[in-house]
Amino acid sequence: METMIGVGLVFAGAAIAAGLGFAGSAVGMGHAGQAAAGVLGEKPHLFGKMLLMQALPGSQGIYGLVGAFLILSFSGILGGTGAVEISTATGMQFLMAGLPIGISGYFSGMFQGLVAASGISMIAKDESNLGSAIILSAMVETWAIFGVLISFILLVSIV
Amino acid sequence: MAVVEMQKIRAIVHQPDVDGFLACVQRHGAIEFTAVGAEGKLSDLSGAAPHAALLPRVQHALGFLSTYYEEKRGLWRSLRDGSLTTYTEEAIRKQLADTDSIDMIVRDAEAIQVELAEKNAQVQLLEQQRELLKVWTPVVNRLCDLDTTNTTSILVSKSAEIKLPVINVLEAALSDKNGEYATEVYGQNVLLTVWRNDLEAVQTTLSESGLTIVSRPEGTETAEVTLTAVEEQLAAAKGDQGQVHDLAKHSAHTHLHQLRIAGEILEWEQGRYATLASGKRTSSTAVFEGWLMADLKTTIESDLQEHNIAALLEEVAISADEVPPVEIKNNRFLQPFEVVTRLYGMPGHKDLDPTLFLAGFFFLFFGLSLTDVGYGITLMVVATIVLTLFKVSDGVRTFMKLLLFMGLGSALLGMLFGGYLGIPAEALPGWLQAIQIFDPIGNPLPVFYLALSLGVFQVMVGMLIKIYSEYRNSQLIDGLLDQTPWLFLFTLGILFVGIVTGYVTFITTDTIVKLVYLGFALVAITAARNAEGLTGKLIAVLAALYNDTIGYFSDILSYSRLLALGLATSALAFAVNLIAEIVSGTPVVGPILAIAILIIGHVFALVINTLGAFIHSARLQFVEFFGKFISGTGRSFAPLARSKKHVTTQME
């Protein structure tokens, strides 16, 4: 029974990491995509740059995916042979390890999308602003990166 | 493999040869013209293109006839034949010299358009009359009998908001008339007869009550009889309209291709004459200024001489505030990767062309992101088919070459990662299993570390390129001072990992730690060198330590997306196979369904994952790599050149 709870908690940690990351990216890319669609209505030749800007908030979903895989891998569920025995306490640790990457992924993805949308407006006015727009958007991603880092540190520190 | 050298030139052309000069330059697409600076005695140069009036008419006719054109060739045929027609220079000259046939086609198109407008208006009018007559059809009176000397009849209706019958509302509204009116109810409407003198007041009263007066149709007979006549006229008008549509379709199929070619050739002419506005003239010469691709100067001069065009190209000094436009040129192996560079934007005119450096990394990262032999081979097959069998534009051709490289990278790396359309490794032949080094799903950590290692490598390469770039711009010392401390720290990091993994034994972790302190001290010292005052230097040091540390850290971690994208490809392919396996057990239709799911599912997975791999591999170049050594986005070179929408030229 305890093993089942422990494994369940590991799954929950992986689900939080991935799910919140995906959600943040979806929201962020949605914001950026709306702005891009408006620009492309008047300047269709900017499609490549618009696609790039819309892709920027997608990083958090990728980090969430990576985090989920790391949680499942470190717990021995993925790639292990045979049944895995995980206590409730250990499972709780894996759950906690999924929180930084999930929460930071959601909020940074959402806000990075808003910044990307504003960057799209910059590019629409002057195409040479692409570099600046990318950097402004990437600044928000820094906190998702820290979330990945802390999650990773927690994973390697699990007893 | 570089940013093309640009020369600022002044062209002095014998006036009668101006068009020939511009045509030669346009053929080569080698000069971006700029406005000639105000220089004393020079007058403005101007001139109208000989066919300035014809071009907009041609474009208008094209817009009209294009809507009637239906591609009759199949997709395969149209891709095989392409949409470009090759013309010799002689044929182009003939086209410009003799535009009578084009003028005739345009006039015919204009006539068809006018006639069509008339028919459309006629049909619209008749349809309006028909709708009106339908409302009046229940009225048995002849239309000419509705008005007498003293009375007039109007048809009253109501809006949907009024729930009561019209007759009730009408009688309530006209209650003060003491019955001095007559009504006949026809379904939803009422025919109201009133004294002529009372008409205006009645109309006002009805309007205030929310009732409306239906317009009276033209005609003398009853509405029903008139409706029959109108419907006959409408049928005839629609028949005529259809004939004009058929005429437009026939004209489109017969003349559209010729018109497109003529339109493009006229646009080239228009472009040449528009350039005149940037030039100046003396009594016998025309003067132009602009930017010339240096490696084409000899070719241009030879071409001018061959065509006996009296023109001189002289190089002029570039002033301090002038920024040359940028064009990049690479060999045939690197040229496909220019797609990625151009997506970001041109490098600054003093920057290096990043195409050479990004090519290898992009090839590797795309392969790591797609990581599937089946998908890679599919991309290569598609690209090969398009390149060998289809006539496509230069842009599509270049992208297909890039796709060929990307497919190759995916196939090669797919073998190392065991990616074979989601087929489990155990099901593969032994020799294929032997090639596999990584198991991303079973053991993702090595792939994770590989991705981060590639990130470290690319970032360090970026720093080295920056040093080289600074050296080219005579700022080597600055380049070394800015980059060397961080290169040192990164090297220490690599050594530390080497110690931890047991590969490095000549140095201890204690020494590494001490050297790290030294490294950060170097970062602080070099960061403070340009700041003024103690406070300024302190701020510069803290900013450098914080920003650069965070920046490099986030750059490296960003490369973990390579693991995620590769995993996503494997996972999606696996899921498609799983679904197909599940449905294959369905009686009778199972195998057919399974095959359909496999085809549709893997095509979907290929498209989605290829798009993701391209976008994220490009993003890694733009954000984490280019930022290290490219200062800004240059201005793209925009020469006077021939567009290639419908016509290419054949060298004579």
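Answer yes or no as to whether B:L545 is within 14 Å of another protein chain (Cβ to nearest Cβ), assigned to a helix (DSSP H, G or I), modelled with pLDDT under 85 and out of contact with any Leu (no Cβ under 6 Å at 6 or more places or on another chain). No, not satisfied.
Applying the condition of being β-branched (V, I, T) and either surrounded by 23 or more Cβ atoms within 10 Å (Cβ to Cβ) or over 12 Å from the mean Cα position of the chain (by Cα) (or both) to region A:103-139 and asking which residue is farthest from A:G30 (Cα to Cα) yields A:I135.
For region A:1-119, list the helices (runs of 4 or more DSSP H) that sit wholly inside it and hold at least 1 residues that are among the β-branched types (V, I, T); which are they?
Numbers: elements: A:2-40, A:47-55, A:59-74.
Result: A:2-40, A:59-74.
Which one of A:S104, A:S121, A:S73 is away from chain B (no Cβ under 11 Å) and more than 29 Å from B:I630 (Cα to Cα)? Walk me through how you get there before you give the answer.
On the way: A:S121 fails: more than 29 Å from B:I630 (Cα to Cα); A:S73 fails: away from chain B (no Cβ under 11 Å).
The match here is A:S104.
Conditions tested, residue by residue: (1) away from chain A (no Cβ under 14 Å); (2) crowded, with 19+ Cβ neighbours inside 10 Å.
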site: B:L522; (1), (2): yes, no
site: B:T535; (1), (2): yes, no
site: B:F553; (1), (2): no, no
site: B:A564; (1), (2): no, yes
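Out of B:F357, B:F361, B:F365, one residue alone is closer than 21 Å to B:Q458 by Cα, assigned by TED's automatic domain parsing to the domain that holds B:A605, hydrophobic (A, V, I, L, M, F, W, C) and touching a Leu at 6+ places or on another chain (Cβ under 7 Å). It is B:F365.
Against the condition among the aliphatic types (A, V, I, L, M) and either within 18 Å of A:A144 (Cβ to Cβ) or within 14 Å of another protein chain (Cβ to nearest Cβ) (or both), how does A:A14 come out, does it pass? Answer is yes for this residue. The residues of region A:25-61 that are within 11 Å of chain B (Cβ to nearest Cβ) and either free of Cβ contacts under 8 Å to residues at least 24 places away in the same chain or farther than 27 Å from A:A124 by Cβ (or both), listed by number, are A:F47, A:G48, A:L51. Determine whether region B:74-85 contains at least one residue that is surrounded by 11 or more Cβ atoms within 10 Å (Cβ to Cβ), touching a residue at least 24 places away in the same chain (Cβ under 8 Å), among the β-branched types (V, I, T) and farther than 20 Å from B:A248 by Cβ. Yes: one or more hits. Here A:Q93 qualifies as more than 9 Å from every other protein chain (Cβ to nearest Cβ), over 15 Å from the mean Cα position of the chain (by Cα) and touching a residue at least 40 places away in the same chain (Cβ under 8 Å).
Kindly establish whether B:L572 is buried (at least 18 other Cβ atoms within 10 Å of the Cβ), under 30 Å from B:L450 (Cα atoms), touching a residue at least 24 places away in the same chain (Cβ under 8 Å) and at the interface with chain A (Cβ under 9 Å from one of its Cβ atoms). Judged against the criteria, B:L572 is not a match. Quick check, is B:L454 more than 30 Å from B:I579 (Cβ to Cβ), crowded, with 17+ Cβ neighbours inside 10 Å, within 14 Å of chain A (Cβ to nearest Cβ) and touching a residue at least 40 places away in the same chain (Cβ under 8 Å)? Answer is no for this residue.
The values are calculated or read from the model by the stated rules, or taken from the named source; none is laboratory data. Note that the structure is a prediction, hence the values are computed from the model and not measured. With ideal geometry, Cβ positions are generated from the backbone for all residues, glycine too; neighbour counts draw on all protein chains shown.
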